[in-house]
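Enquirer: Below you'll find the structure I mean.
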Amino acid sequence: MNVILDTNVFISGIYWSGPPYKILKAWQNRKINLIISQEIIDEYDRVCKALSKQFPGIDLRTFMELLAINSKMYAPLKLNEPVSRDPDDDKFIACALAAKVKVIISGDKDLITISGYKGINVIKPGIFVRENSNLFDQ
């Protein structure tokens, strides 16, 4: 299953337990495919660097290296007009359209409100884990 993770889900999965952590483990175990664009990687990297100062015990290089090795990179489609109330969120929609991904996992209200846009479902991490429990069985 191909998915896109909003930055809040990716970062939460690194630093805390819960559904985002389970989603990252499923990706690490190759039960889901993480789809990214350069813009998404840049945002992950920027936020990780900012948080690494607060949480110096976590080696983020491992996660960024895993992104390079174990993700599928796409050039995002150019959107003719903004889709989300927050233009920074459009990078996830543009990548989903380019890769024909039907699921963005996010807790971001601006993304959740546009769920269904061109067949792209934006789903909260907890709901994704519940609805796809077969991916998370130990």
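Residue by residue, here is whether (1) within 13 Å of the chain's Cα centre (by Cα); (2) over 26 Å from Thr113 (Cβ atoms); (3) among the charged types (D, E, K, R) holds:
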residue	(1), (2), (3)
Tyr21	yes, no, no
Tyr44	yes, no, no
Thr62	no, yes, no
Val83	no, no, no
Asp88	no, no, yes
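Enquirer: May I pose another question? What are the residue pairs meeting all of these: first residue in the stretch 46-64, first residue within 17 Å of Asp6 (Cβ to Cβ), second residue in a helix (DSSP H, G or I), Cβ atoms under 6 Å, and 6 or more apart or on different chains?
Expert: Val47/Thr7; Val47/Ile11; Cys48/Leu60; Phe63/Ile14
Enquirer: Among the residues that make up the stretch 37-47, is at least one of them among the aromatic types (Phe, Trp, Tyr), within 21 Å of Val129 (Cα to Cα) and either buried (at least 20 other Cβ atoms within 10 Å of the Cβ) or in contact with a Phe, Trp or Tyr (Cβ under 6 Å, 6 or more places away or on another chain) (or both)?
Expert: no
Enquirer: Next question, about the same structure. Under 9 Å between Cβ atoms, which residue pairs at least 6 apart in sequence (or on different chains) link something in the stretch 72-86 that is small (Gly, Ala, Ser) with a partner that is in a loop (DSSP other than H, G, I, E, B)?
Expert: Ala75/Ser37; Ser84/Asp108; Ser84/Thr113; Ser84/Ile114
Enquirer: Residue under question is Tyr74, and the condition is that it be surrounded by 15 or more Cβ atoms within 10 Å (Cβ to Cβ) and at pLDDT 95 or above; does it hold?
Expert: When the stated conditions are applied, Tyr74 passes them.
Enquirer: Follow-up question, since we're still on this one. State which residue is surrounded by the fewest Cβ atoms within 10 Å (Cβ to Cβ) when the search covers only the stretch 1-19 and only residues that are of a type in the set (A, V, I, L, M, F, W, C) and either part of a helix (DSSP H, G or I) or over 9 Å from the mean Cα position of the chain (by Cα) (or both).
Expert: Trp16
The values are calculated or read from the model by the stated rules, or taken from the named source; none is laboratory data. Treat the numbers as computed from the prediction; the structure is a model and nothing was measured. Cβ atoms come from the backbone with ideal geometry, glycine included; neighbour counts cover every protein chain shown.
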